[in-house]
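The next block holds one structure in the form of structure tokens; read it before the comments.
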Amino acid sequence: MSQPLAKSRWYRLLPIAFITYSLAYLDRANFGFGTASGMAADLHITPAMSSLLGSLFFLGYFFFQVPGAVYAEKKSAKKLIFWSLILWGGLAVATGVVSNVNLLILIRFMLGVVESAVMPSMLLFLSRWFTKTERSQANTFLILGNPATILWMSILSGYLIKAVGWRWMFIVEGLPAIIWAFFWWKLVDDNPNDADWLTEAEKEAVADQLQQEQQGIKPVKNYGEAFKSRTVILLSLQYALWSIGVYGFVMWLPSIIKAAPNMTIVETGWLSSVPYVLAIIGMLSASYYSDKTLNRKAFVWPFLLLGAIAFYASYLIGVDHFWLSFVLLIIAGGAMYAPYGPFFAIIPDLLPKNVAGGAMALINSFGALGSFIGAYVVGYLNGETGGFGASYIFMAGSLLLSAIITLVAVQSPSKQHTHKPEKLTL
């Protein structure tokens, strides 16, 4: 009888992963509140420049994903994330003291560069600690740092801006990442074999289970072979389109809400947090049932389709019915976030560990490209049209295409559950 897997992995590692990714998200998403609260006026930022600054982060994020993930896979995810925490915290603080738009352009780009390896490195890190039947839930607890952080950040940022201004908001919200870096270094290990808080039997149980899973996956020689596979190419396109909707939403929701009649920045903060409550519920539910059934596809495309429908319905209703439109935006936000855990469990289920981290980084880098497009184009459309209808159509179309590609790219559960090695279509 095999040794049961140690439950201590869950309460030891997942809170740390959650906090780490939360801090990364805090220091990228608070820019939307800065631009909605006087930053643009103080620094003489035009609407076009504001769109560029909002999206420039993702350009830096796009270019450095794969090199970072390769380093984490070959060397150490622990070391890479430690230095990333210190650097992105410093850049976030620098955002609060900058007075030159050119320096702000550089800071936003470099923030993307520094944070680029965090997501794939963390996913790779968790794949070394959690098995196939646990992976979707483990990924979700990591990525919950995204909506959970935006939830409380939206409220905190509103109060901070009102009390001390946008500059101090960036400084106060940037410092925790620098402090947390030293907790991260002390508390985590790259692999179960390095952990002194696991018994030898517990280490062997995790290693044995992960090794058995690798035996059921078709070998892939190198990154080049993995990157040329039909599955990885389609999932890269799928995630780019999905991210257009997500980050168009995240970056510009405060501005959309603030445009309502008589809306204060504190009220904007509270209302901006509401979609992320639904997002957290959806993410936990989707990941639980995805791990129970090992049916990843069924917990991805329906949510993306629902998000597309909600954006389109919000467009049809128009700006004259703010509260009904806002309810639809809540649904869209929750639906876009729900599939993250199942989605990022697909690649480790299909690809061997020697290339899985790089493949996840490639997919995530195309997500960053989609995020750049979403943040920039949504801001551009809002500025050019003087409203939000055109950007709702843009986000709805992107999510619809993403849902369709998911159906094409991911195999059905009956094919995934055979006892033959997993097939990676080239």
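None of the figures in this text is laboratory data; all of them are computed from the coordinates on show. Remember, it's a predicted structure, so these values are computed and weren't measured experimentally. Positions of Cβ are backbone-derived with ideal geometry, glycine not excepted, and every protein chain shown enters the neighbour counts.
If you take the Cα centroid of region 354-400 and the Cα centroid of region 217-273, the two points sit 6 Å apart. Relative contact order of region 8-416: 27 percent, from C-alpha pairs under 8 Å at least 6 residues apart in sequence. In region 8-416, taking the dipole from charged Cβ atoms about the Cα centre, the farthest positive-side position among LEU237, TYR380, TRP168 is held by LEU237. With a cut-off of 13 Å between beta carbons, the residues surrounding TYR289 carry a summed charge of +2, where Lys and Arg count +1 and Asp and Glu -1. Of LYS7/LYS75; LYS218/LYS297; LYS186/LYS218; LYS218/LYS292; LYS186/LYS292; LYS78/LYS132, which sit over 30 Å apart, Cα to Cα? Too far apart for the 30 Å limit: LYS186/LYS218; LYS186/LYS292. Where (i) 65, 44, 41; (ii) 66, 51, 40; (iii) 65, 44, 35 are the candidate values, the label of the one calculated here for Cα extents along the principal axes in Å is (iii).
Axis angle, to the nearest 10 degrees, between helix 322-337 and the longest C-alpha principal axis of the chain: 20 degrees. For ILE217, the residues whose amide H sits under 5 Å from its own are GLU422, ignoring neighbours fewer than 5 places away on the same chain, with H placed 1.01 Å from N. Along region 141-146 the Karplus relation, 6.51 cos²θ - 1.76 cosθ + 1.60 evaluated at θ = phi - 60°, assigns HN-Hα couplings of 5, 5, 6, 4, x, 5 Hz to successive residues, with x for each Gly and Pro. Computed from backbone phi, the HN-Hα couplings of region 279-293 come to 4, 5, 4, x, 5, 5, 5, 4, 5, 4, 6, 5, 6, 5, 9 Hz, rounded to whole numbers (Karplus: 6.51 cos²θ - 1.76 cosθ + 1.60, θ = phi - 60°; Gly and Pro given as x). Note on the chain: with charges restricted to the Cβ of Lys and Arg (+1) and Asp and Glu (-1), its dipole about the Cα centre is near 680 debye. In the chain, the DSSP-assigned H stretches of four residues or longer account for a calculated mean residue ellipticity at 222 nm of -26000 deg cm²/dmol, using -39500 (n - 2.57) per stretch and the full residue count as denominator. A dipole drawn for the chain from +1 and -1 charges on Cβ atoms has a positive end, and of ALA177, GLN137, ILE86 the residue lying farthest that way is GLN137. Against the chain, whose longest principal axis comes from its Cα atoms, helix 166-187 is set at around 10 degrees. Axis angle, to the nearest 10 degrees, between helix 200-215 and the longest C-alpha principal axis of the chain: 90 degrees. Report note on the peptides 135-148, 218-231: ranked by the mean count of other C-beta atoms within 10 Å, highest first, their order is 135-148, 218-231. The residues packed around THR149, meaning those with a beta-carbon under 14 Å from its beta-carbon, carry a net charge of -2 if Lys and Arg are +1 and Asp and Glu are -1.
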